[in-house]
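Presented below is the structure to which this report refers.
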């Protein structure tokens, strides 16, 4: 006699209270359903924490840009949240120890992030330009995600209270030369609708910052790299930079570390 | 441990499995825990004492029992709090090879699992001179929560067999630039990689056989000519294996706790939570390697069958790592579209058998395997979104294919498929199903969100059925992973073309774009989990409740 044939009979019997006495009247043989457990999907609490909060911080760029007037450049992000609601922190800038510790291009954003499609999230929040120049505050609205071909893309629109608008785009791609040696092209642009002399910015396309970085994933979270970066300022920004004696056209070798936790 | 009364104690201990000392959750001080030996017809009493710093619940996988004894905290009982002892007590109404594990959080990954063998009440159908349990597991040194966290940020964190510039160049040489670019474009459009088969995989794990590494070489003894029963039990959190014993034919005699008509094979795939019992009869007084290579070919465990301790045989090389093509995924492939190739330049057509250099008659036979089944309305209605990466064009009956990376070897080896499984006994419930429940397996790999019908557990209520009701359960896989879907508390009778001798399964490994159906009769009321048994998938939402309601008089 096949065991579970008997099992079927026994358990069908168990579902009926009278028959259950054959075994034991203890609660262990109760059906497992009562008025309370009928109410919800998880009567004693959620069995699956599928809304767990996760947290990460990462530096895509943490590098020294070598040459005349060398400086440290960082571009980092952090997020905390569950699948649908995240708080996103972004920070980038340059620190120039040679030039009295001057900080430039300081752009710090605190955003609420929500996925809207398979590959893209919308982000909304505030941006603060905080460095050695005048401080500016913006409202931010953007998208971030994975474009076709596994390009990581970000595009954010900004509006300040005195009627300035700005746009920033960033794109990067990981080209795996081997399982651990990765060549990453990266391209950032900044656009402004109005001149802002306090920050040395003209109207129109202000600047591009592009890089080609060759990293080695010793681990996924610890990947030193070498590369070359090219920074170019345009239009009004170019003129203002020239007046201040800055470089408008700058190619540099760089050495850095891509890291996250 | 044998008997009908057991005391199990869960403790946090220090352990060294990989060469690094780390923490584990042990049952009675060991990992894996003790193998439990029950007898059909007994009422077993199991006292589980929780000395872990967190709540636990021990689940008896594949066992038919009353709902509050099934051990899923939250759903079926309140869980066992730290310091508490919970007494499980239920009649054993079946026999065969099963396993048990913690159903709370990631405790299973860190050691709370072992095999469960139930002796039949009557005369066993299967005769063996030696009988061994072979517990396959994927040990992890670190914290599983860190792994899940990594996957949420970078879903291919543990993949070190991706396609690179090198494979692009070799594909161009083999197929031409145009075809290669087109193929790469298709994958890029889906933000997927054809080598993305399993996450996490090899680099995250140390593979164990009965708790021993390949170097420790677990050994089963035999005398030449003896019939040896090996009860393979995949207790891994996230690893499927292809098992072979070079030099021996394995007769598959018992699957998921139920006897099947013996199938002689050279190799079989065992997905997470499955059990396969094989009989081997080594004639020579030499050592044979029991080889379990993981699905992504990034790790293996091995043991040895030998007449004396201390012997070993050669460890075979890995088979080629599987790669997928668009057709595997249920996408329409255009004529002339090429599939990915391996670094060794062999064309690897994933699930679809390779048609290159095959006679027309053979093509005919193979395409016969691939009967397009269309899509159920539930699947067809799904749209891509945050929780679902892509929609199928077709689904397939893939029961007679062993799966990725094995299909092209079917001419060279005997490889087990679900279609081969024929239950020794005909099914008990002859009724036709009165309704059909379809679940589409869905997910978004990049976001590492998994679910059914585009929703994760917390977003949707239970599926209601009635006690004793006969229904058909259908799974259509709209992801690129081969998910082992487990239904608690009742059997799934796989409709695999064996008529009334359908194999009774507790877990079904569903290949990408596959469309499989099972007949089910719920035998006990309660909230029964239905979930993917990949730990990192069900913890990310690939979990549902099948609520069995009492019959209304």
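The values are calculated or read from the model by the stated rules, or taken from the named source; none is laboratory data. Computed from a predicted model, the values in this text were never measured in an experiment. Backbone-built Cβ (ideal geometry, glycine too); neighbour counts: all protein chains shown.
Values computed for the structure shown
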quantity	calculated
Identity of the residue in region A:50-67, modelled with pLDDT under 90 and facing another protein chain (nearest Cβ under 7 Å), that ends up surrounded by the fewest Cβ atoms within 10 Å (Cβ to Cβ)	A:51
Which numbered condition residue B:176 fails, given (1) surrounded by 15 or more Cβ atoms within 10 Å (Cβ to Cβ); (2) modelled with pLDDT under 90	(1)
Close pairs (7 angstrom Cβ cut-off, 6 or more residues apart or separate chains): at positive phi and in contact (Cβ under 8 Å) with a residue 24 or more places away in the chain in region B:83-111, crowded, with 23+ Cβ neighbours inside 10 Å and not in a strand (DSSP E or B) anywhere	B:96/B:257
Members of region A:158-191 that are in contact (Cβ under 8 Å) with a residue 24 or more places away in the chain, away from every other protein chain (no Cβ under 13 Å) and not in a strand (DSSP E or B)	A:161, A:163, A:164
Any hit, region A:145-158, residues being farther than 29 Å from residue B:155 by Cα and either surrounded by 15 or more Cβ atoms within 10 Å (Cβ to Cβ) or modelled with pLDDT of 95 or more (or both)	yes
Candidates B:83, B:19, B:62, B:41, filtered to the one that is within 12 Å of another protein chain (Cβ to nearest Cβ) and more than 25 Å from the chain's Cα centre (by Cα)	B:41
Evaluation of residue B:73 against (1) at the interface with another protein chain (Cβ under 7 Å from one of its Cβ atoms); (2) modelled with pLDDT of 95 or more (one fails), failing number	(2)
Residue within region B:123-140 that is closer than 30 Å to residue A:184 by Cβ and in contact with a strand residue (DSSP E or B) (Cβ under 8 Å, 6 or more places away or on another chain) present	yes
Scan of region A:192-205 for residues that are buried (at least 17 other Cβ atoms within 10 Å of the Cβ) and not in a strand (DSSP E or B), ordered by number	A:195, A:199, A:200, A:202
Strands (runs of 3 or more DSSP E) fully within region B:243-326 counting 3 or more residues that are within 25 Å of residue B:425 (Cβ to Cβ)	B:250-255, B:258-265, B:267-270, B:275-280
Wholly within region B:460-553, strands (runs of 3 or more DSSP E) carrying at least 1 residues that are within 22 Å of residue B:256 (Cβ to Cβ) and within 14 Å of chain A (Cβ to nearest Cβ)	B:463-466, B:483-487, B:492-494, B:515-520, B:526-532, B:543-549
Filtered residues of region B:397-422 (kept if farther than 18 Å from residue B:241 by Cα, in contact with a strand residue (DSSP E or B) (Cβ under 6 Å, 6 or more places away or on another chain) and outside any loop (DSSP other than H, G, I, E, B))	B:420
Members of region A:125-152 that are within 13 Å of the chain's Cα centre (by Cα) and more than 14 Å from chain B (Cβ to nearest Cβ)	A:142
Every residue from region B:151-182 that is part of a helix (DSSP H, G or I) and under 22 Å from residue B:482 (Cβ atoms)	B:151, B:152
Of the criteria (1) out of contact with any helix residue (DSSP H, G or I) (no Cβ under 7 Å at 6 or more places or on another chain); (2) under 30 Å from residue B:386 (Cβ atoms); (3) modelled with pLDDT under 95, which one residue A:131 fails	(2)
Single residue of region A:206-261 satisfying the filter (out of contact with any helix residue (DSSP H, G or I) (no Cβ under 8 Å at 6 or more places or on another chain) and in a loop (DSSP other than H, G, I, E, B)) that is surrounded by the fewest Cβ atoms within 10 Å (Cβ to Cβ)	A:245
Condition broken by residue B:237, with the remaining ones in (1) touching a helix residue (DSSP H, G or I) at 6+ places or on another chain (Cβ under 6 Å); (2) modelled with pLDDT of 85 or more; (3) surrounded by fewer than 18 Cβ atoms within 10 Å (Cβ to Cβ) satisfied	(3)
Selection within region B:106-125 - under 15 Å from residue B:533 (Cβ atoms) and either within 11 Å of chain A (Cβ to nearest Cβ) or surrounded by fewer than 21 Cβ atoms within 10 Å (Cβ to Cβ) (or both)	B:106
Some residue of region A:147-157 being out of contact with any strand residue (DSSP E or B) (no Cβ under 7 Å at 6 or more places or on another chain) and in contact (Cβ under 8 Å) with a residue 40 or more places away in the chain	no
Flag if residue B:78 is free of Cβ contacts under 8 Å to residues at least 12 places away in the same chain and facing another protein chain (nearest Cβ under 8 Å)	yes
Count of residues meeting criterion [in a loop (DSSP other than H, G, I, E, B), farther than 18 Å from residue B:151 by Cβ and in contact (Cβ under 8 Å) with a residue 24 or more places away in the chain] in region B:426-459	10
Residue that is nearest to the other protein chains (Cβ to nearest Cβ), among those in region B:420-434 that are farther than 27 Å from residue B:401 by Cα and touching a helix residue (DSSP H, G or I) at 6+ places or on another chain (Cβ under 9 Å)	B:428
Residue in region B:57-76 that is touching a strand residue (DSSP E or B) at 6+ places or on another chain (Cβ under 6 Å) and either surrounded by fewer than 20 Cβ atoms within 10 Å (Cβ to Cβ) or farther than 18 Å from residue B:487 by Cα (or both) present	no
Check on residue B:151, at pLDDT below 95, more than 13 Å from chain A (Cβ to nearest Cβ) and surrounded by 20 or more Cβ atoms within 10 Å (Cβ to Cβ)	no
